[in-house]
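Presented below is the structure to which this report refers.
The values are calculated or read from the model by the stated rules, or taken from the named source; none is laboratory data. Bear in mind the structure is a predicted one, so any value in this text is a computation, not a measurement. Note that each Cβ is placed from the backbone with ideal geometry, even for glycine, and that neighbours are counted across all protein chains shown. Surface accessibility is based on the protein's heavy atoms, side chains included, excluding ligands, DNA and RNA. Shrake-Rupley method; radii C 1.70, N 1.55, O 1.52, S 1.80 Å.
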Amino acid sequence: MKPASFEFHRARSRAGAVELLTELADGDPKIIAGGQSLVAMMNFRLARPGHLVDITGIDDMTGIEVDGDRLRIGALTTHRTVEKAGLGVLSAAMRWVGHLPIRTRGTVGGSIAHADATAEWCMLAVLLDARIRVLGPAGSREIAAGEFFHGPFWTALEPDELIVEIVFPWPLPPAALTEYADRKGDFALVAAAVDLDRERTVLGGVGPVPLLVDSLDAEEIAAGLDVRDEPGVSAHYRRGLARTLVRRAVAEASP
Amino acid sequence: MTREPHLHRDGTWVGASVPRREDPRLLTGRGRFVDDIRLPGMLHAAFVRSTEAHARIASVDLSAVREVPGVVAAFSAADLGLHDIVALLDRPLHEFVPTAMPVLAKDKVRFVGEPIAIVVARDPYAAEDGREAAVVEYEPLPPITSDSAALAEGAALVHEEAPRNTLVDVSLFATEGIDEVFAAAHTVVEVRARTGRQNALPLETRGAVAEWDDRDEQLRVHTCTQVPHQVRTVLAASAGLDEKEVRVIVPDMGGGFGLKCVVGREEIATAAAALRLRKPVKWIEDRSEALTASFLAREQRYTVRAAFDADGRIQALDADVVCDMGAYSCYPFTAGIEPLMASAEMPGVYKVPAYRVRGRAVTTNKAPTAPYRGVSRPQYVMVMERVMEKAARALGIDPVELRRRNVITEFPYRGVNDVTYDPGSYKESLDLCEQVLRDEGWFDRRGSDPAIGIGFACFSERTGYGSGAFAQRKMAVVPGFDVSEIRMDLDGTVSVTTGTLSHGQSHETTMAQIVADRLGIPYDKVKIVQGDTDRVLYGWGSFASRSITIGGSAAAASAEKLGERLRVIAAHLMDVDVESTELDGAGGVRAGDRRLSFTEIAEVAYLRSHLLPKDVEPGLSATASFDVGGDGTFSNATHAAVVRLDPGTGGVEILRYVCVEDCGVAINPKVVEGQARGGIAQGIAGALFEEVRYDDAGQPLAASFMEYKVPTAAEIPDVRIEHLETPCAFTANGAKGAGEGGTIGAPAAVLNAVNDALRHTGVELDDTPIPREAIFRALERAAEPALEAR
Ligand SMILES: Cc1cc2nc3c(=O)[nH]c(=O)nc-3n(C[C@H](O)[C@H](O)[C@H](O)COP(=O)(O)OP(=O)(O)OC[C@H]3O[C@@H](n4cnc5c(N)ncnc54)[C@H](O)[C@@H]3O)c2cc1C
């Protein structure tokens, strides 16, 4: 559980980070933010970046700002900062992200880039139609959350692009996220998030990416899931969890 | 303001919850663990490990390893030529098949993670780079990944010398007429249970720092073991050294739980590499290795029948126990550790008149096993407590009442399993535990909420296994006694050795309390010396809740001998009879109104020895040993868990946990409670969370804490602990063992509580860890008629 060797670089600005990524392109560079996902993968040598570009020294990528009908969250904002910010469903959902130490280091941008299929941020982004703003050598672009996630650890992000911020619609609708795992702080076996205004549900843990369904009907959603029996978790159980969690999320979101 | 430690109300140190002597250094980061030891020029080791569960090794090529920058050396089994580790029982071949565990795999690998070669490098990173460069060619053999596969006709053999992959097969007791008892019984209940494979999971993983010291002509090995002398013996034999040429030193330890009371291969290989290179070498096991390649435990299968009369009295017990011991037999306990424990002790606290058991250890292509806190008792107690619950249901008797009718109440009690139980509080603990739950209102809450269940576990635990008890198990190497040396220095302070070894249990505090009382000095004037084969005469280390019962008694005996000696010298100096003197409880010897302080006596013993009586040697020291001749002493407890099930998810929440324990006289009640709480957490882990699974190819599926679900503080409830005290008649201070009980009761209490909460469903669950899906399905099915009715 020791990483393979790599070179460490510290970026001082957004442009500087992109520059480093471009410069080092042949040496398999990787951004490191909170390190809560990447370092574990490096220790198991499942990830072997040749270069790490540390972006935590960039000072204008942290923070939460309401900008008209948009809520902008800097990519380096930690889960814990959001948890304490009183931002409705976003803050409430943070209680499900790992444990306190993880939430104090892990970042919103890191979660989105890492794209775990049950990550709360990925589910929330899809549920609320967030937009991912990224910066690359050719300038910046915005990607709709619905088009961002391609599979576990696989996104629309190019290797030389940096996630700068996540933009949510503002004000937030009545919404809630809830989940089940045997142990507190674990990635969910199944998670459900609902938006009561637009009557839609996002499920985590039932496919390779967050699954968006235009319904709040727990029975209907559970019945329609395309899930298979897996060792230790049958399709029947997963459907049952989905049914329960959609119901509970609706109850939590209801005023 | 500093707080002075308080004596017990009777003016003794024993019985007082004085602060732990270990805490200041441990809580401020000033402890010294193996990984804190850094020697000049120290190198770092990593192991090339098998990627196959079962295969012949065609070749091991380390040439590329040696080319990796930073790598200093790499050794395979052939390079080091070490002797195998072999653990033996004194049993005939049809009961026990001896097998060898090579330090590094030779011609065959038997589990994924088995060490094949050691890589030594300038830093741990380079060592891991080196390990990646090794080329091992395998000729795969069929992997044996379950006890049933191991026992199947024509199964591949994990060890060629062990037919049907069976290492231990004993049939014991077989009370005459037992079949007739079953045939005529009013009620027969049956339990089939399987318990999951677990890792004892000490927070500190295994590790060693070894160096050859030319001045001492010694191989010095710092390692976190519970059994330093046994490591010395195996290491010396394996490396061809004299025992005097090996010194094993144990620094602070972050837990062991049994996993470290066997001799590991990696520490031997690390020491051998240091010997070969004449340079210090460090190996620190990482968590992934700890989960997949250290020692595991607890994977057992029970098929048990029990006969009851109409009043709910148990009449006979018939058990078959199969333990999946993995790839190797551990030293010194052997693969017999689990099946022999289960077979010998299963009747437990109940008056079982007829008993028959078959206990087997099978070998499979999984990481090997070692004792783990409680050793089989968490499993067989769980099964016995399921038996009691099932009988209660079948007969319509309250489960606590049914237990009350069956527990042993008259002592000493000679069990059907040829064991004599010394006095305990089996019934009293049941009564008190039930009363606590009643007073707290849990039975009422259960009455109004069908999702709430209450489960009990009543058990005793043999502690203080002396050489007699281990000899009865037919171990070839028979642990048991402890020997203690004590020395008083010029200023009247005392150093005392113990052959036991604290790896978290506060012996520096509790042993000091025992010795302080014997001599009448403050407990902080007593230094405990442990965990160093050069400083401790001999020792069996700490396991099986033996430390306070046996080690504490030896320390007490040496202190008493020293006290005698102080009196003899004082009597001579005061010119009175020895009989007229006594220790005055304040650091002196008194005779009538005359008194000599220990410092005054010590001054004579060391600095003016010409004043000593003729037949008294200079200095102030004594040696004493202690062993338990009979069947040991039985601690006991009743545990109760209250759970609530979540019908929507199958989730289990523990609402309340109560433990009524009796470990005789508690030397330090706070320490006892700490042991109980930690043990209960581990028991809950086994009931609800932890399991090391393997796939069909023998690949371990739990290589990190993502998959191995050790519970956190969030999953462990607050525990209420009540104490009862039935003193032991033959240990110092009447203490019984307190190290393992928590772990033993918890799986049964939790499993029974879950089943109680499923009472409306007709479903019973007997396997652990309890699958949430099974709970979900049971509750879902039970709710269906209600849905239809709507
Ligand atoms: C025990 C444990 C439990 C956890 N439980 C949960 C959980 O329940 N739910 C959950 O969602 N997460 C969980 N996590 C993961 C945690 O939320 C991480 O913080 C998060 O997934 C990644 O954020 P990070 O800042 O640590 O990213 P890092 O680990 O630093 O990086 C992760 C990946 O994102 C890339 N990256 C990071 N920032 C950017 C950026 N600005 N632009 C482009 N790429 C970037 C990196 O290159 C890397 O590939 C858990 C982690 C642990 C250790």
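Spin-label point model (7 Å from Cα, Cβ direction): what's the B:Glu653 to B:Ala714 distance in nm?
Once both label points are built, they end up 1.4 nm from each other.
Most fluctuating residue of A:Ser13, A:Ser234, A:Ser111 in a GNM of chain A with Cα springs under 10 Å: which is it?
Of A:Ser13, A:Ser234, A:Ser111, the Gaussian network model singles out A:Ser234 as fluctuating most.
Net charge within 11 Å of A:Arg238 by Cβ-Cβ distance, Lys/Arg positive one each and Asp/Glu negative one each, not counting A:Arg238 itself?
Values: positive: A:Arg228, A:Arg239, A:Arg243; negative: A:Asp226, A:Asp229, A:Glu230, B:Glu773.
Charge balance in the 11 Å sphere: -1.
Suppose R0 equals 45 Å. What FRET efficiency, 1/(1 + (r/R0)^6) with r the Cβ-Cβ distance, do A:Ala25 and B:Arg32 give to the nearest 0.05?
With a Förster radius of 45 Å, E is 0.45.
In percent, what relative contact order does segment A:175-253 have, based on Cα pairs under 8 Å that are 6 or more apart in sequence?
Taking the mean separation of contacting Cα pairs over the length of segment A:175-253, I get 34 percent.
For labels at B:Arg192 and A:Ala251 in the simple 7 Å Cα→Cβ model, what's the distance in nm?
Going from the B:Arg192 label point to the A:Ala251 one covers 3.7 nm.
With 10 Å bins from zero, work out the P(r) of segment B:1-136 over every alpha carbon pair and list the percent per bin.
For segment B:1-136, the pair-distance distribution reads 11, 24, 21, 15, 15, 11, 3.
Which residues, if any, in segment A:1-46 lose at least 40 square angstrom of accessible heavy-atom surface (probe 1.4 Å) when the other protein chains sit next to their chain rather than the chain being alone?
A:Met1, A:Lys2, A:Phe44, A:Arg45
Between B:Arg608 and B:Thr420, take the C-beta separation as r, use R0 = 56 Å, and let me know the FRET efficiency to the nearest 0.05. Mind showing how you got there, number by number?
Details: r = 51 Å, r/R0 = 0.92.
E between B:Arg608 and B:Thr420, to the nearest 0.05, is 0.65.
With springs only between Cα atoms under 10 Å apart, run a GNM on chain A and tell me which of A:Met42, A:Met123, A:Met61 wobbles the most.
Highest fluctuation among the options: A:Met42.
To the nearest 100 Å², how much accessible surface do chains A and B hide from each other in total, with a 1.4 Å probe?
By this definition, chains A and B bury close to 2200 Å².
Taking the Cα centre of segment A:97-149 as origin, sum charge times position over the Cβ atoms of Lys and Arg (+1) and Asp and Glu (-1), and report the length of that vector in debye to the nearest 20.
220 debye
With a 1.4 Å probe and every protein chain kept in, tell me what percent of the accessible surface of segment A:62-169 is carbon plus sulfur.
Reported share for carbon and sulfur atoms: 52 percent.
Roll a 1.4 angstrom probe over the protein heavy atoms and tell me the percent of accessible area of segment A:175-253 that is carbon or sulfur. Please list the in-between numbers first.
Working: 1580 of 3320 Å².
Of all accessible area on segment A:175-253, carbon and sulfur atoms account for 48 percent.
Between A:Val18, A:Val233, A:Val202, find the one with the highest GNM mean-square fluctuation for chain A; connect C-alpha pairs within less than 10 Å.
Result: A:Val233 has the largest fluctuation of those listed.
I'd like to check one number: the per residue accessible area of segment A:117-244, probe 1.4 Å, reported in Å² as a whole number.
40 Å²
Sorted from largest down, give the three principal axis spans of the alpha carbons of chain B, whole angstrom values.
Its Cα atoms span 96, 71, 56 Å along the three principal axes.
How large, in Å, is segment A:62-169 by the Kirkwood hydrodynamic radius built from its alpha-carbon pairs?
Computed over segment A:62-169, the radius equals 13.7 Å.
Using a basic spin-label model with each label point 7 Å from the Cα along Cα→Cβ, how many nm lie between A:Asp226 and B:Leu490?
So the label points at A:Asp226 and B:Leu490 sit 8.7 nm apart.
Using 0.36 nm per residue, how much length does the chain from B:Arg9 to B:Glu579 gain when fully extended, once their Cα-Cα distance is taken away? Walk me through the numbers on the way to the answer.
Working: separation 570, 0.36 × 570 = 205.20 nm, distance 2.85 nm.
Roughly 202.3 nm would be gained on extension.
Working from the alpha-carbon coordinates of segment A:7-54, get Rg over Rh, Rh being the Kirkwood radius.
0.97
Just in segment A:203-255: which trypsin sites (Lys or Arg not before Pro) are loop by DSSP and have at most 14 other Cβ atoms within 10 Å?
Working: sites: A:Arg228, A:Arg238, A:Arg239, A:Arg243, A:Arg247, A:Arg248; in loops: A:Arg228.
Here the trypsin sites (Lys or Arg not before Pro) that fit, given the DSSP loop and packing criteria, are A:Arg228.
Is chain A best put as rounded, prolate or oblate by its Cα gyration tensor, with a ≥ b ≥ c the root eigenvalues, rounded for a/c under 1.5, and otherwise prolate when a/b is larger than b/c, oblate when not? Provide the component values of the computation, followed by the final result.
Details: a/c = 1.98, a/b = 1.46, b/c = 1.35.
Prolate is the answer for chain A, as a/c is 1.5 or above and a/b outweighs b/c.
Using the heavy atoms of the protein chains and a 1.4 angstrom probe, tell me the accessible area per residue for chain B in square angstrom.
About 36 Å² of surface per residue is accessible.
B:Thr409 to B:Thr599: extension gain in nm, 0.36 nm per residue of separation minus the Cα-Cα distance?
63.4 nm
Using protein chains only (no ligands, no nucleic acids) and a 1.4 Å probe, work out which residues of segment B:645-662 have their accessible area cut by at least 50 Å² relative to the chain alone.
Residues losing area: B:Thr649.
Tell me, what % of the accessible area of segment B:137-212 is carbon and sulfur with a 1.4 angstrom probe? The partial results should precede the final answer.
Numbers: 1840 of 3430 Å².
So the carbon and sulfur contribution to the accessible surface is 53 percent.
Can you list the aspartates and glutamates whose alpha carbon sits under 13 Å from that of B:Lys244, skipping same-chain ones fewer than 8 residues off?
B:Asp213, B:Asp216, B:Glu217, B:Asp532, B:Asp534
Net charge near B:Met325: determine it from the other residues with C-beta under 14 Å of the C-beta of B:Met325, scoring Lys and Arg +1 and Asp and Glu -1.
In short, +2.
Would you mind checking the pairs B:Lys106/B:Lys282; B:Lys474/B:Lys527; A:Lys184/B:Lys260; B:Lys525/B:Lys670; A:Lys2/A:Lys84 and listing those with alpha carbons more than 26 angstrom apart?
Details: B:Lys106/B:Lys282 23 Å; B:Lys474/B:Lys527 36 Å; A:Lys184/B:Lys260 29 Å; B:Lys525/B:Lys670 21 Å; A:Lys2/A:Lys84 34 Å.
Flagged as over cut-off: B:Lys474/B:Lys527; A:Lys184/B:Lys260; A:Lys2/A:Lys84.
Determine the sum of side-chain charges near A:Gly204: Lys and Arg each +1, Asp and Glu each -1, restricted to other residues whose C-beta is under 13 angstrom from that of A:Gly204.
-3
When the gyration tensor of the protein assembly as shown is built from Cα positions, what are the square roots of 5 times its three eigenvalues, in whole Å, from largest to smallest?
51, 38, 31
Residue separation times 0.36 nm, minus the C-alpha to C-alpha distance between B:Arg66 and B:Glu764: what's the value? Show your work: numbers first, answer last.
Numbers: separation 698, 0.36 × 698 = 251.28 nm, distance 5.73 nm.
Extra length from B:Arg66 to B:Glu764 when fully extended: 245.5 nm.
With a 1.4 Å probe and all protein chains kept in place, how much accessible area does B:Asp593 have, in Å² rounded to the nearest 10?
150 Å²
Could you name every residue in segment A:179-215 that has 40 Å² or more less accessible surface in the full protein assembly than in its own chain alone (probe 1.4 Å, ligands and nucleic acids excluded)?
A:Tyr180, A:Asp182, A:Arg183, A:Lys184
If R₀ is 25 angstrom, what is the calculated FRET efficiency for the pair A:His236 and B:Ser148, using the beta carbon separation as r and rounding to 0.05?
0.45
Checking the a/c ratio against 1.5 first, then a/b against b/c, what shape does the Cα gyration tensor give for segment B:481-626?
prolate
What residues of segment B:768-784 lie in the reach of a label at B:Asp646, counting those whose backbone N is under 18 Å from a point 7 Å from the Cα along Cα→Cβ?
B:770-781
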